[in-house]
Amino acid sequence: MTASRAAVGRIGVVGAGEIAHEHLASLQRLDVPALVYSPSGRAAQLAPRYGARAVDSLDELIAASDVVDICTPTNTHAEIASAAIARGRHVICEKPFARTHDQAVALAAQARVAGRRVYVAHVVRYFAAYAAARAAVHSGLVGTPTVLRMSRTGAAPEADWFHDEARSGGVLMDQMIHDFDFARWVAGDVTSVEARTERGDGPNIVTATATLHHASGAVSYATGGWLSPETPFTTSFSITGTEGRLTHSNTGGTVILHRTGSEPIELVAAAVTTADLPFDTQLAEFAAAIAGGAEPRVSAADGIAALNLALAALRSAHFGRVEPVRPD
């Protein structure tokens, strides 16, 4: 990162929630100077923890930054990103790219016209286990993917905005979009989605399932949930192909390759995944691209595609039917 630090300049982080802490900690480790602004007024308390400087307004942050990193509630992404692009700034935007398809498409078009970069932070692509599994599939280790199964559950978020579907898109958009993006990254474009949600006993407890039908013929099954406060965060996936299967859970750490007639092979060791710093890898890759390096593994177009999957899932859960996925 040090080689591109000067070219990238200063990154201004908007927001003071949990994800802003992750981004600021990464920027500090990467030795990138950072500013912080939060509409909640918490920037002054947050910034010193990460060697950053707090500012008093979004205008001040945009004016003093080369890149604006948006870590705010989903329904605010479009307005902040548009303001940053209009002032000639590159944008890093937390997932989902925006709350609506039209907002995301408009932002991507605005950035193209302005000659600015917009990168959507789908950080799961940067976790060692997920990246290794995708590489294994694309190198042919399991043959042609046929069935993917993914789960992602944990304690329900505390902030109220997560539970206002108009603002966050709920569990399907805010949480399960990680696995929607991963499924598409591994098995290709998705043509239709069938999803459902179910409320639990608590006011913010909800579980969800989604079935994704890929153009290739593969099918992905995703399960998600915002559960009781004591629930540990757990993720897992299995990818079955015509010649083998990959399995992983964050409780075990490893990625295991299973092939008929062979002993299971550990592709990613638990020690590697424990030391994984996916937010660092993600932000370093974005910064290198902004400084003129190679394009990162996730683009604005990927962000739009993942958003389209989440929107189809929301429509399906609302109407109780299979929903087509927008192709653009």
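I need to check one value: relative contact order of the chain, counting alpha carbon pairs closer than 8 Å and at least 6 residues apart, in percent.
19 percent
Quick one: compute a quarter of the convex hull surface over the Cα atoms of segment 200-328 and quote it in nm².
If I average the Cα hull's projected area over directions, I get 11.8 nm².
Under the √(5λ) rule applied to the eigenvalues of the Cα gyration tensor, what semi-axes describe the equivalent ellipsoid of segment 18-75? Give them in Å, descending.
In descending order the semi-axes read 16, 13, 12 Å.
Quantify, in whole percent, the carbon and sulfur part of the accessible surface of segment 215-328 (1.4 Å probe; protein heavy atoms only).
Ligands and nucleic acids excluded, carbon and sulfur give 57 percent.
Hey, what's the chain come to in accessible area per residue, 1.4 Å probe, Å²?
43 Å²
For a quick size check, give me the Cα extents of segment 182-268 along its three principal axes, largest first, whole Å.
Between the extreme Cα coordinates on each principal axis of segment 182-268 lie 48, 33, 19 Å.
Starting from a Cα-only point model with no solvent, please compute log10 I(q)/I(0) by Debye for segment 98-250 at q = 0.11, 0.18 1/Å.
-0.49, -1.14
Over segment 150-203, with every protein chain in place, what whole percent of the accessible area is carbon and sulfur at 1.4 Å, could you tell me?
Taking all protein chains in place, segment 150-203 shows 41 percent carbon and sulfur surface.
Looking at the chain, identify the longest residue range that excludes and avoids all GluC sites (Glu not before Pro) in DSSP loops having at most 14 other Cβ atoms within 10 Å.
Counting at most 14 other Cβ atoms within 10 Å as exposed, the longest clean stretch of the chain is 1-157.
Placing unit charges on C-beta atoms (Lys and Arg positive, Asp and Glu negative, everything else neutral), compute the dipole magnitude of segment 2-151 about its Cα centre in debye, rounded to 20.
The calculation lands at about 400 debye.
Considering just Cα atoms, how many Å³ per residue does the convex hull of the chain enclose?
So the per-residue hull volume is 135 Å³.
Out of every Cα pair in segment 7-51, what percent are spaced more than 12 Å from each other?
Everything past 12 Å amounts to 53 percent.
The values are calculated or read from the model by the stated rules, or taken from the named source; none is laboratory data. Everything numeric in this text was worked out from a predicted model, so none of it was measured. Methodologically, a virtual Cβ is constructed for each residue, glycine included, from the backbone with ideal geometry; neighbour enumeration extends over all protein chains shown. The area values use the complete protein model at the heavy-atom level, side chains included, leaving out ligands, DNA and RNA. Shrake-Rupley method; radii C 1.70, N 1.55, O 1.52, S 1.80 Å.
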